[in-house]
Each structure stands twice: as C-alpha cells, then as structure tokens.
1. For region C:214-306, report the translational diffusion coefficient in µm²/s to the nearest whole number, using Stokes-Einstein at 4 °C, 1.567 mPa s, and a Kirkwood Rh over Cα pairs.
2. About the Cα centre of region C:3-267, what is the dipole size in debye to 20, counting +1 per Lys and Arg Cβ and -1 per Asp and Glu Cβ, all else neutral?
3. Based on alpha-carbon centroids, what's the gap between region C:12-29 and region B:199-255 in Å, whole number please?
4. Restricted to Cα positions, what overall size does the protein assembly as shown have along the principal axes? Three whole-Å values, descending.
5. Grab the DSSP H runs of chain B that are 4 residues or longer, score each as -39,500 (n - 2.57), total them, divide by all residues and round the 222 nm result to the nearest 500 deg cm²/dmol.
6. Hey, if you put +1 on the Cβ of every Lys and Arg and -1 on every Asp and Glu Cβ in region B:2-227, which of B:Phe38, B:Gly102, B:Leu182 ends up farthest toward the positive end of that dipole?
7. Ignore the peptide's own chain and count Cβ atoms of other chains within 10 Å of each Cβ in A:82-89; give me the average, rounded.
8. Ignoring everything except DSSP H segments at least 4 long, calculate the 222 nm mean residue ellipticity for chain A; use -39,500 (n - 2.57) per segment, divide by total residues, nearest 500.
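The values are calculated or read from the model by the stated rules, or taken from the named source; none is laboratory data. Since the model is a prediction, treat every value here as computed from it, not as a measurement. Reconstructed Cβ throughout: ideal geometry from the backbone, glycine too, with neighbour counts over all protein chains shown. Quick note on the areas: whole protein, heavy atoms, side chains included, nothing else; ligands and nucleic acids left out. Shrake-Rupley method; radii C 1.70, N 1.55, O 1.52, S 1.80 Å.
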Amino acid sequence: MLEVAGLTAGYGGPNVLEDVSLDVEAGELVGLLGANNAGKSTLINCISGVLRPRAGSIRFLGEDITRAKPSDIVSRGIVQVPEGRQVFPRMSVLDNLLLGGTTAVARPRRADRLEQVFTLFPRLKERRPQYAGTLSGGEQQMLAIGRAMMGGPKLLMLDEPSLGLSPLFVQTIFRALRELNAQGLTILLVEQNLNLTLSCAVRGVVLERGQVALAGTSATLRADPRTRQAYLGL
Amino acid sequence: MTELLIQTVVQGLLVGGGYALVALSLGLTYNVSGIINFAHGDFLTLAMYLALALQTAWALDPYVSTVITFPLLFVSGVALYWFLLRPVARSQLLMVIQLTLGVTFVLQNGILMVFGGQPVRVPSDWEASLLILGDSLFLRTPQVLAFAGSLLLALLLWIVLDHTETGRRIRAVHQNPRAAALMGIDVPRVRTLTFGVGIGIQAIAGALLIPGTPIEPGQGFRYTVIPLMALVMGGLSDFRGIYLAAILIGVTEALGTVFVSGTSGMIVPYALFVLVLLLRPQGLFRRA
Amino acid sequence: MRPDFFQFLRSPLLWIPVAIAACLPWGLSAYHLAIGTLALLYVSLALAWNVVGGIAGQISLANSVFVGTGALLASALYIRLGIDMWFGMVIAAAVSAILGVFMSLLDARFRLGHLSFALVTLAFAEIGELVVAGTDFLGGASGLDLPKDHGRFWLFEFGGGPGYFWAALVLALICLVVNQAILSSRLGYYLRALRDNEDAAQAIGIELFRSKATGMAISAALSSVAGTLFARYSNFVDPTLLASPNLTIEIVLIATIGGLGTPLGPLIAALVLIPVGEILRGQFGGTLPGLHFFLYGVLIIVVVLTSPQGIVPRLLSLRRRFRRA
C-alpha cells in the first residue's frame, strides 16, 4: 500500500534520514520504533508532504506522491495524527472534528463519520461544545485521532500518541487503535514505548540515527537484543 | 452642552465606524498571515484614487465603481502576499515590517507620481446630503452609510468566520497552520486568498469613506496606524474587540477635538492606546 | 574599551576619506555641496538610529520625536527666549535623552515585545507631531523661521555652505566614532547579547533596563543634535519634515538597505542614497515628484527579499569569498 524507497531528508543541516526504505501492506499495523532523534517524525512528515525529501520516492496505492502537496496527500487517504496532538485550541471539539473532514473527498460523508468517531470515543460526544484547549491531554489525544478519522483515512499515521498521557488513557487510546485496525484500517504507529507497540503491531521497523537498523515481525524484534540496544543508542 | 456632547459622540461613532472598516480588514489579513502590513492604509488610498480615476473617466459613482475596484484590490492583495510577504514570512519581524514599509513608499509615491500631491475631492451625489434626527442632530448621509457598512461588514465577517466551512478553515490556519495542513487544508492558498479579500475590502471601505473627504497620496499611514491601534487594543484576533476599539478611538478623537481644543485633542486616542498597551496588553475586552 | 577601537581611531581608512571629504567645499558647486551636507546629516541620523535599531535590534519608530525636539526646541529657545543655540542644542539633546529613557522605562517596566515597542514608539511619534502642531511656542503647524546667519560661530552660525558642510562632517564623524565605541565596549556587547536572546542575556545578569536605556539615550541625543544642526542649516524648521514619523521611516529604510548592526551599512547607504535621491528630485521633481522615494521603496523590497542582512554586509561577504577563490 505504502512504499518508501531510499528516502533521504533533513532540515537545512545534515541529513536526518538517510536511504530509508519501508513498506506497509494494506490492513497491517506497523510500528516505527527508535530512540529520540532517530528520524521517526521526519519520516512521517515526509510521507505527509510537510517536509520535502532530498532524495528517494514515496508511492501510495501505486502512485508516486513524493512531491505531492500535503492537502493532496490527505485527500488520497494518508492522514497523520501529529505529535503533541496539535488540536485547534480555541475551537470547539465539534469544529475540530469537522475540520478533520474538510477536504472535498471527505465532506459528503462527514455526518456518518462523526457518528463513528462518537461511538469510538463517547467522551468526545459529551465534550462537543467545549473549546479543545480546555480538554485534558488524554481527551485531546482522542480528539486528534477522531479528527484524523473524519478524513476517512486509508492509512493512519500516529506520532507518539502515548506521550505524556496517564496509563489509563494510554490503554484507552491503544484499545481504540487495535479496534480500528481490526476493522481493516492500515496503521503506521510511531512510538517510543517499545513493549506497547510490539504488543499490537504485526511488524516493526527500528530506526537508528536516520537509518533502518532492524525490521521484522514483532516476535523477532522482541527477541532480538539489538532492538533494545538501538533504543539505548548503543 | 448636552446637545454638543450628543452631536460629538454621534459624530465620533460615525468616524469610528470608518476606522472599523479598515481595522477589520487589517485584522483579517493579520490573523490569517501573522504579518502586520504597514501598507494596509495605502491600499485604501489606492482604492480611493482608483475610484477617482473611474469617476473622471466614466463618471462612475464611487459606490458603483467598487464592482471594478474590489477585484483590482483583491488581485493586488493576492500578489502582495504571494510574491512579497510569503517569502519573508518566517524571517525576523523587523524585516517583515521593513518590507511593508517599502511597499508603503512604493504605493504612496506611485500614487503621487500618477495623480499629483494636491488634495482632491471625489465628487459624489451623496456628498452634501444630510440626515436630520430630532431637531438638532445633523448627520451626513455618507457617514451614516459608512457606519452601516462597517456594521454590515462586521456581521458578514462573523457569519463567514464562525458559521461557514471557509471560515472554519481560516480559523484553523490562524490557530495552528501545521495542523491545518495535516487536515488537508491548502494553507498557502487559504492565506493568499484571505489576504486578497482583506485588501479587497479596502475598495469597499474606500468607496464608503470617499464622499466629502479630500484625499491625498500621503494619507495612507494614518489609515494604517489608527486601525493598527484598534487591532492591538481589541486583542489582535478578537473581531468584536477590534470593532469596539475602532469605535472607541473615533469617539475619543471626536471628544478630544471638540473639548480639548484642536490638534492637542487628537492626541487623546494615541494616549489612550499607549495606556491600553501598557495596562492591558492582552486587549481591552479580553480576559487575561 | 577593546583595543580594536583605538585601532579604528588610528586607521588611515577612517582619516583619509574624512580628509578628502573636508576638502570637498573647495571643489564642489554650491548645489552639490548642499547635497553633500544633506547626505552627511542623514549619515548622522542613520547612525544614531543604528544604536537602537541595529546594535540593540529594537524597532524604534520614535526618532522623529528626537530630531524634532532638537530642531524645534533649540530654535524656539533661541527665537523666543534668546538662549544661545549651542546651549539650546544641549538642552534639546538632554530632553530627547530623557524622552528616550522614558520609552526604555516603559519597555522594561511592561516587558513590551518587539512589536509593542515599535507600536508604542510609533504612537509617541504621532503624539509628538500633534504636540508640535498644537504648541505655539514651537511654531505650531507652520514652523519656525530662524534669523539670518551672520557666521557668528558662538551663536551656532556656520556662515554658509562650506561651514555647514564641515559641521555636518564633524557630527557624522562623531556619530561614527560613537557607534564604533559602543560596539567595542561592554555596552555594545550587552546590547548585542540582548538583541540575540533577551531571556538568556538577562539570565546571565545583563541589566536589561540600564543597557537599553543608555543606548536609547545616546541615540536620542545624537538624533537631537542632528536636528538642531538641520534646523540652523535650513534656516527654517518645517514640522511636517522634521517632526513627522515619515522621517523616521526614511531613516529606518536607509539604515536597513545598508545593513544593520555595523556602522558601515547605514553610513554608506546614506552617502549613496541621499545624493541619488536628491539628484533624482532635482531632475524629476517637477514632472515626477516622489520618484526617488518610489525607488527607495523598490530598493528596500528587493534588499529584504534578496539579502536581508543588507547590501553592505552582502558586498563584504562576496568580496571575502572572491578573495578566497
């Protein structure tokens, strides 16, 4: 479904990503692992089109999207839940959700999807008229995921969804992700929490200093001591 | 005395309505782009001189010629944002301010070269028309129309920004441009078009303010500074606050001019602005 | 004071151009000499602004207040009260410095950001113009006429073209030396530290208010002195010229086109732009008034878009690269 080949990228300075390749098949939940600054966020920002890669290609559903605009990429069905949630603080929960489905492709189906999001996270339904900035961190994360679902993604990418959340909320969020995956949604999950990610991902890819260090099924990665080493930056 | 007071306050309200027209469009461009455009008032001047040219050439009333001037200003706003402001949007504030000051020089002196520096009046059928309320309140019809126009514009902005999909997107771009892009909103496009509309509104403001007022090429700066004060006093992104602050400036200016004597009275709004900026930097009407 | 300051004072690169400039009155026509004098006055104004706008990185838009104070207050004291204009110049400079310190006080007390500081100073500029227009002592909106210059030096009379050219040259030189002195001193180090990172500079104990206020006072006093000389030179103080915010904007644009921070940028920009502007005004003033300001505008837009650090630093770095190659 998603094929990333030989991707190299950076922010003005040296390369943050170097020659990274990665495939995601339809229906999979793939974990993208690695220590801080390994280049995980850079990779998904390239896929989302908010960062132009220096070399390499990204293909989605057989079409090249390497140089596509972010808005175009969302319309094609890749939606990112950014790190730190990035909700629109001075807008209601409902407005935030509606904005998730603002593309021309998504708008006709907004009403149905709103119901689906409210079923997934009933809490959001209660909070509908409230400003998003007044929600707790966990609620904001639910909102960020719900907002992304409003776009009707074929591939959902999440950047550190557990960051700064209480264990209870982390469980809720991951239960929702498993549920979405079980319904057939393809997910690329960027996480620092190794065990949590491997417990719900089929496969994992470990990045280390901008390069793919390891890749394999969750079981092999869990058994491989190098996985942990990559985390500690050894 | 009370009659004078009422007449003055009403006059101030009307003048404030005029300021509000310009301040709201300034607020729109500022909020969507994050850039304070010091040439904003010069686009008003441009609109007025275009109306003058159309009046001279085809005898079009300024109210009518907005059909032509609005698209022209919209396009120049789009061009200004796309070619000049967008490339520097991320650099230092000083640089962005300098750039818009450069645009000010170009516009003011471009107008000066084309139309000359003498103040001119654009004749309008409405110029001399008066509305008389009760037995002592005289209002100039064009000013009442401008005030009504400002209310209408405020209403329109409120409807569009708070109750349409376009408005929701504009607010999203203002609050978090990166997240907006990740929602599939074409951020540069929203910014450019909204900036264009903000400049385009100056065409309408120009037509409403023109009757009975002499215009000259150097007036633009004043029409940047006063709306800018309204913008800051109103709390930058609170359109109701901006509107009220513009009205307040109009009223204090009128009161100052009538009751403090001549030019010293015109200081009152500036002094008020400095006080507000020092004591309530978050804006007059916003809770800290 | 770092040793490079004394090196600068001894440098032939400083004194040879000054010596050549000092000889110009014998070689130039009255018209060209007048342009030269104006250029030197703008050098002083741009360098005075550079202390706050360039070295300290604060967008001050109030310099017209200081120039206007220097021009109008000193002139009014002379005409109305018979106070010697040398003394008037000092009084005006002191008043300007106090006004500048007051603005810095507001800045420090209320922790204004860059934008708020720009707006507050702009409001002061507008207020200043209105105060002048409303005060008869200062000549109101119609300005002040100074009595004829009889070349009495002790009365601040420099007796015609060459005298004023030399006076302007001395003032420009003083402004240049002051800029260099600030850059080579602890104050310059503080101001640049504050410009680059206010919070960090404060955290390591740089006194925000004292540094900024000193810079502001110096900038205000120099602007004011330039204003007094400008007034005496033109014999007539036009408030729409010398007390209006447009003057500040003109100064700011010239300084930025040249390049901020170091004195060389504003210096060269004023020396090039003012003569070019004046000659354009002379050629096209009748047919195309405003052409030179129009071109300034175009120039600033091009400079900000292509080399935001200013033209002079850009040329210097190009030269360095050329030498290395």
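1. D = 89 µm²/s.
2. Its charge dipole is roughly 460 debye.
3. So the separation of the two Cα centres works out to 50 Å.
4. Here the spans come out as 99, 79, 48 Å, largest first.
5. One gets -24500 deg cm²/dmol as the mean residue ellipticity at 222 nm.
6. The residue sitting most towards the positive pole is B:Leu182.
7. Numbers: counts 5, 0, 1, 1, 7, 3, 10, 2.
Mean inter-chain Cβ contacts per residue within 10 Å come to 4.
8. Values: 10 runs with 91 residues, N = 234.
Result for chain A: -11000 deg cm²/dmol, rounded to the nearest 500.
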